[in-house]
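Each remark here refers to the structure printed beneath this line.
The values are calculated or read from the model by the stated rules, or taken from the named source; none is laboratory data. Please read all numbers here as calculations on a predicted model, not as lab measurements. Note that each Cβ is placed from the backbone with ideal geometry, even for glycine, and that neighbours are counted across all protein chains shown.
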């Protein structure tokens, strides 16, 4: 079994809760942006009981491939980053890591195929000297954490660039 590249994970809710699942689907596939206010309320409530948070970490949304971004017109992980930035005041950057392979929706694949399809999927976007110019801690942000394959692959790419601590944040765990 692989060693986890993620040093900690925050999950707001359970994906098997029908209301949570429906809210995620409506935002992700129908861009019902009024529901992002529901996400904000859920995150605020979550932080009423969660004490630890890396105040100096940079928020990075799990990237979509450009084609998927153009299909949707937005990245749902960026919506969550904006909410976290508003609540926790961490800086955020969606220009550090990008997706270089376009593939099937991870939700349509079984566990083994998810891990295989996501390998080598991410790349660093620019040649910034990461160790000097950026914080050494990152919070990767996504809407759903199911097998962890996507977030783990992002984390491996970021650790390879010199980031030392990679945390994950998801609205739901499936």
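For residues that are under 17 Å from the mean Cα position of the chain (by Cα) and not in a loop (DSSP other than H, G, I, E, B), tally how many sit in the range 47-60.
Residues meeting the conditions: 3.
Out of (1) within 21 Å of residue 159 (Cβ to Cβ); (2) under 17 Å from the mean Cα position of the chain (by Cα); (3) part of a loop (DSSP other than H, G, I, E, B), the odd one out for residue 74 is which?
Condition not satisfied by residue 74: (1).
Go through (1) within 25 Å of residue 138 (Cα to Cα); (2) outside any loop (DSSP other than H, G, I, E, B); (3) touching a helix residue (DSSP H, G or I) at 6+ places or on another chain (Cβ under 9 Å) and name the single condition residue 29 misses.
(1)
Please determine, by comparing only the residues of the range 151-166 that are buried (at least 21 other Cβ atoms within 10 Å of the Cβ) and farther than 20 Å from residue 65 by Cα, which one is modelled with the highest pLDDT.
This residue is 166.
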